[in-house]
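Q: Before we start, here is the structure in question, set down as structure tokens.
No lab work stands behind these numbers, since they all come straight from the coordinates. Because the structure is predicted, anything quoted here is derived from the model rather than measured.
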């Protein structure tokens, strides 16, 4: 039982990081109907933004502390939001209305560009991520160990999800996002500047990816420019699993993949851990290609 | 109010409008009739900027709006109820109406428009919390028109409001269209396949055939025109 709970908590912690990344894939897909394969690299940039910001923030705020941790988190989210907007503006917007394949290949190009520019600028060797938040000793109940880092991952993810839900459901720009995802022409006829809403969507998704990057680096404090590839792919699978374009689906998909991975590495063998997500992808594409919460889309003619 | 001068528009290599000119005076209902594929919807799309005009001018209040993005054209007081209604089926009725008032900042003005829309279409008020996709066809058409009214337009374009509706509902919708024109003084450009009805409610009309205007004049005169009678009014 202890072993089970332990793996569950480990899985939920990693799963919520995947969920944060998956939301970015699914939001962009919902609005532009394409997979932004550079999204995993924005996650990497979030971690690096945190790495370079941490010493600067340590000069003004006592580090490690909750305050400095949050400051680094928000600053990295802002930086990545801006990066997301720039990527859309210069790589994807010029291709608006072009065949989907063109945009997809461009996204792969942007991904490679970020990874190898990252290696050039940051260096290819892994860097050790500084401790932002003190390691509070928490919960050692009967052999079960929950680290404060895991608690932080879960609570920050929870707060971000509440904030996202509020933005999407209760604000005007959120309503415009939902309208645009249903029909861009009709949204434009309401006076919606679709370019601004698309930029906003990229900003939102990239900020969440940055948060995921920081949370990931807090738990696995070795970061390198290629660190976004695998979590990015797994989060993409999570988005497809939940139903691409569906926000609660992305969260559900992330948690399922995180927990499944933890159980497989705990009970079977950690060798197979990375294969899980892709096994799940094959399975879902065979059984329910629209995803767990996705609706069947009628192809418009 | 609106004037098209020699407007040409195309989808890729296919030219859909071969230089059409028409004029919609303020306060009037003008109709554009014609068969399927004549270019009626294309004309409206070109005016609202959903389709870029190749050549020619679109003068709105004397200003050439050809080439402006749709959201800026809408800001000038032009509202377009598109073919197939295009309501947001994933949003509630209320949210659809709020989307219609997207550019309005003044809360009181929004409330006034909302009151007017609910007074015009009481059914929408009953269903305001419902997801729009669950409405019947007639209710969806009411919502599409109501949504367009929420932006407090000066100029309203309606694309096939009768499409797919039962005759009784069509009558209701057209009564509302006349009411909107008379009470609110909103100028209307109406595209219809149901030529009989369109010429009945409008002041003047244009007949569009394969991207060209072939006839124009007073609606009453067009209804008597033997060509129009045989081609569009069933003899």
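Q: Quote the Stokes-Einstein diffusion coefficient, in whole µm² s⁻¹, for the protein assembly as shown, based on the Kirkwood radius over alpha carbon pairs, a temperature of 10 °C and a viscosity of 1.306 mPa s.
A: In µm²/s, the coefficient rounds to 61.
Q: Also, I was wondering about something else. Find the Cα radius of gyration of segment A:2-287, compare it with 2.2 N^0.38 Å by division, and give the number to two decimals.
A: My calculation over the Cα atoms of segment A:2-287 gives 0.99.
Q: Could you state the principal axis extents of the C-alpha atoms in segment A:108-162, from the largest down, to the nearest angstrom?
A: Computed over segment A:108-162, the largest-to-smallest principal extents equal 48, 30, 19 Å.
Q: Could you give me the percent of Cα pairs per 5 Å distance bin for segment A:169-216, shortest bin first, beginning at zero and ending with the bin that holds the maximum distance?
A: The percentages, shortest bin first, are 5, 21, 26, 19, 12, 9, 5, 2, 0.
Q: Taking 2.2 N^0.38 Å as the expected size of a compact globular protein, what ratio does the Cα radius of gyration of segment A:80-235 give against it, to two decimals?
A: 1.27
Q: Could you give the distance between the Cα centres of segment B:1-51 and segment A:1-74, to the whole Å?
A: Cα centroid to Cα centroid, the span is 51 Å.
Q: Angle, helix A:172-182 long axis vs. longest principal axis of chain A, Cα atoms, 0 to 90°, nearest 10?
A: With both axes taken from Cα atoms, the answer is about 60 degrees.
Q: Once you have a ≥ b ≥ c as the square roots of the Cα gyration tensor eigenvalues for segment A:172-301, tell me rounded if a/c is under 1.5, and otherwise prolate or oblate according to whether a/b is larger than b/c.
A: Cα axes put segment A:172-301 in the oblate bin.
Q: Follow-up. Report the convex hull volume per residue for segment A:228-273, counting only C-alpha atoms, in Å³.
A: 62
Q: Another one. Could you tell me how many degrees, from 0 to 90 and to the nearest 10, lie between the Cα long axis of helix B:137-149 and the main elongation axis, the longest principal axis, of the Cα atoms of chain B?
A: 90
Q: Tell me the angle of helix A:2-32 to the major Cα principal axis of chain A, expressed in degrees between 0 and 90 and rounded to the nearest ten.
A: 20
Q: Taking 2.2 N^0.38 Å as the expected size of a compact globular protein, what ratio does the Cα radius of gyration of segment B:84-150 give against it, to two decimals?
A: 0.98
Q: Right, another one. For segment A:1-94, what class follows from the C-alpha gyration tensor (a ≥ b ≥ c being the square roots of its eigenvalues): rounded when a/c is under 1.5, otherwise prolate if a/b is larger than b/c, else oblate?
A: oblate
Q: Need the C-alpha centroid separation for segment A:208-264 versus segment B:116-162, integer Å.
A: 42
Q: Then there is this: Tell me the relative contact order for segment B:84-150 as a rounded percent, counting alpha carbon contacts under 8 Å between residues six or more apart.
A: 56
Q: Classify segment B:67-184 from the C-alpha gyration tensor, please: rounded if a/c falls under 1.5, else prolate or oblate depending on whether a/b exceeds b/c.
A: rounded
Q: Kindly provide the helix-only [θ] at 222 nm of the protein assembly as shown, computed as the sum of -39,500 (n - 2.57) over DSSP H runs of four or more divided by all residues, to the nearest 500 deg cm²/dmol?
A: Here the helix-only value at 222 nm equals -18500 deg cm²/dmol.
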